[in-house]
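Student: Take a look at this one; I'll ask things after.
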Amino acid sequence: MKTDFPFFDPLPGESEVVYLDNAATTQKPRCVLEALQNYYCRINANVHRGAHRTSRLATEAHEAARRCVSQFLHAASEREILFTSGCTEGINLVAQVLALSGRVREGDEIVVSTDAHHSNIVPWQMLCERVGAKLRVVPLTPDLSFDMTAYTDMLSSRTRVVAVPVVSNALGLRLPVEEITRAAKEVGALTLIDGAQAVAHEMVDVQTLGCDFFVFSGHKVYGPTGTGALLGKEELLESLPPWKGGGEMINQVTFARTTYNKLPFKYEAGTPNIAGNIVLAEALRFVQRAGLPTIHEHEKKLVRQLVAGLRELPGVHVLGGDSPQRSSLVSIHVPQVHHYDLGTLLDQMNIAVRTGHHCCQPLMQALGITGTTRYSVAVYNTEEDIHRALSATRRALDMLR
Ligand code: PLP
C-alpha cells in the first residue's frame, strides 16, 4: 500500500518517516496526484458557462465528482452536496445562514460537545453573540465518553442546533451520533455532524445518521487541501438563504432584484475549486477500492497494538484507555513530560506525531492539561510503523525522565 504513495518513496541516504499524523492530514496516493496533473493538462477550463468542448468536459467531471461525493455519503440526492474548502467553511456556512434566516434567535440554545474541534465551537459562539442565543456544552463522563444523560437533560424546546463530531480528534473516541441526532429530532432541533475524523475510517451513511448537515474535509481522506463538502437536507437548503453572493449562485440579476440559482449552485458563488473537487472524487474512489470495512479492520488492529504498547510504558496515560469507542487515533499524556519535548524527540527519531491542544482548548481545560501527544493511523501504516513508534517513544521517555 505504501508504494501507492510517493511520499514514502525512499530518498537516497534517508530513512523512511513513520507518518502517524494522519488526523491532521493524510498523504496522497499516486492516482490522486495523477488526476490533478491530468486535469490541468487535459481539461482545464471554467465550468458551467462555457460553450466549448473543454468547458463541457470540465463541467461533466466536476458534476461527476459531486455524484461521487453524494454516493460516498449515501446522500438522498447530489443536490444536497455543496463543495466547500473543508469542515471549517461548511460549519461557518451553516451557522451564518441560520443566523441570517432568523432560525436561531435570542434565547435559543446551541448544543456542542466538550471534545469538539474549535471549528465546531467558534462559529456557533459567533452565531450566539450575533443573535443573543446561548451555547450549551455537553460534559464528558469520567471515562471521557459523551454524557448522554446530561445531553438529554439539556435538550428542550429552546434547542435549535446540536453540533457534534463523529469522532473526537483529540481523544479518538467515537460519539453515539445516531442516538444524539435521534434525541435532537425529538425536540425539533437541527443537527450538524462533523465527519472530519470519520470519513477515511468508517462507512458513513448520512441517512442512517439522520443528520440535517454533515461536513468533511478532503485532505483528511487522501484528497487535496482546500476541498471538502457540506451535505444539507434538500428541503432545508431550499428554505435557507444563500451565503456568499457572486457568479453562478444567481438565476437572474437586475439592479432592482436578484433571484437565486437552484441547489446546489445557490451556495457555490464564484469559480469553484474545480481541480480540487474533481481530484477529491478520485481520493474517494481510492478509498472505495481499498474498501472501508478492510481499512477499518486494518486500522483497528494497529490502534489496538498502539494502545496496548503505550499503556505498558511507565507513567503514560492513554486518554480514553481501551474504550470500545476507540477509532483511528490515540492521545497520551505523560505527567512531568511536556508533549512538545516528546514530539520533538520522536521527530529526531523520524516518527511524525502531533503535539499540543489539537484545536481543542476547552477539552484540554476540562482535562486539566495543556496538550497531548497524538498518534493517528491511516490505510498505509503497518505493524512495523507501530513497532518503531512504540520503541522510539520508550527511548524518548527514558531520555526525558
Ligand atoms: N473537525 C475535526 C474533528 C477536525 O479534526 C478538524 C481538523 O483537524 C476540523 C474539524 C477542521 O478541519 P479543516 O481544518 O480541514 O477545516
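Values quoted throughout were computed directly from the atomic coordinates according to the rules given, and no laboratory measurement underlies them. Quantities reported herein were computed from a predicted structural model and do not represent experimental measurements. Heads up, the Cβs are rebuilt from the backbone with ideal geometry, glycines too, and the neighbour counts pull from every protein chain shown.
Student: Rounded to the nearest 500, what is the 222 nm mean residue ellipticity of the chain from helices alone, with -39500 (n - 2.57) per DSSP H run of 4+ residues and division by all residues?
Tutor: -12000 deg cm²/dmol
Student: Using a Gaussian network model on the chain with a 10 Å cutoff between Cα atoms, which of 282, 238, 109 fluctuates the most?
Tutor: Its mean-square fluctuation being the largest, the pick is 238.
Student: Viscosity 1.567 mPa s, temperature 4 °C: what is the translational diffusion coefficient of the chain from Stokes-Einstein with a Kirkwood Rh over Cα pairs, rounded to a whole number of µm²/s?
Tutor: Diffusion coefficient, whole number: 58 µm²/s.
Student: What is the distance, in nm, between label points placed 7 Å from the Cα along the Cα-to-Cβ direction at residue 300 and at residue 350?
Tutor: Distance between the two pseudo-spin positions: 3.2 nm.
Student: If each residue's Cβ is checked for other Cβ atoms within 10 Å, how do 78, 268 rank with the fewest at the top?
Tutor: Going from least to most buried by this count: 78, 268.
Student: Oh, and also: So which helices of the chain fit the span-like rule, where a helix is a whole DSSP H run, its Cα atoms reach 18 Å or more along the axis, and its mean Kyte-Doolittle is at least -1.0?
Tutor: Helices meeting the criterion: 53-73, 87-101, 274-290, 292-312, 383-400.
Student: Please report how many Lys pairs in the range 222-300 have alpha carbons closer than 23 angstrom, counting only residues at least 8 apart along the chain or sitting on separate chains.
Tutor: 5
Student: While we're on this one: Treat each spin label as a single point 7 Å out from the Cα along the C-beta direction, and report the residue 2 to residue 150 distance in nm.
Tutor: If labels sit at residue 2 and residue 150, their model points lie 4.2 nm apart.
Student: Most mobile of 258, 141, 373 per a Gaussian network model of the chain (Cα springs, under 10 Å)?
Tutor: For the chain, modelled as a Gaussian network with Cα springs under 10 Å, the answer is 258.
Student: Using the charge dipole of the chain (Lys, Arg: +1 at Cβ; Asp, Glu: -1 at Cβ; taken about the Cα centre), state which of 302, 319, 117 has its Cα farthest towards the positive end.
Tutor: 117
Student: Then there's this: Test of understanding: what is the full-extension gain from residue 394 to residue 44, defined as 0.36 nm times their sequence separation minus their Cα-Cα distance?
Tutor: So the chain would gain 121.0 nm between residue 394 and residue 44.
Student: For residue 235 and residue 126 in the same chain, what is the full-extension length gain: residue separation times 0.36 nm, less their Cα-Cα distance, in nm?
Tutor: Between residue 235 and residue 126, full extension yields an extra 36.7 nm.
Student: Now for a separate question. What is the order of 271, 88, fewest Cβ neighbours within 10 Å to most?
Tutor: 271, 88
Student: In what sequence do 153, 108 fall when counting other Cβ within 10 Å, fewest first?
Tutor: 153, 108
Student: Taking a spot 7 Å from the Cα of residue 103 along the direction of its beta carbon, which residues of the range 220-245 have an amide N less than 16 Å from it?
Tutor: Within reach of a label on residue 103, which here means backbone N under 16 Å from a point 7 Å along Cα→Cβ, the range 220-245 contributes 230-244.
Student: To continue, here is another question. Tell me the net charge near residue 121. Cut-off is 11 Å between Cβ atoms, residue 121 excluded, with +1 for each Lys or Arg and -1 for each Asp or Glu.
Tutor: -2
Student: Here is a follow-up. Please give the length that would be gained between residue 63 and residue 158 if that part of the chain were fully extended, namely 0.36 nm times their separation in residues minus their C-alpha to C-alpha distance (nm, one decimal).
Tutor: Length gained, residue 63 through residue 158: 30.3 nm.
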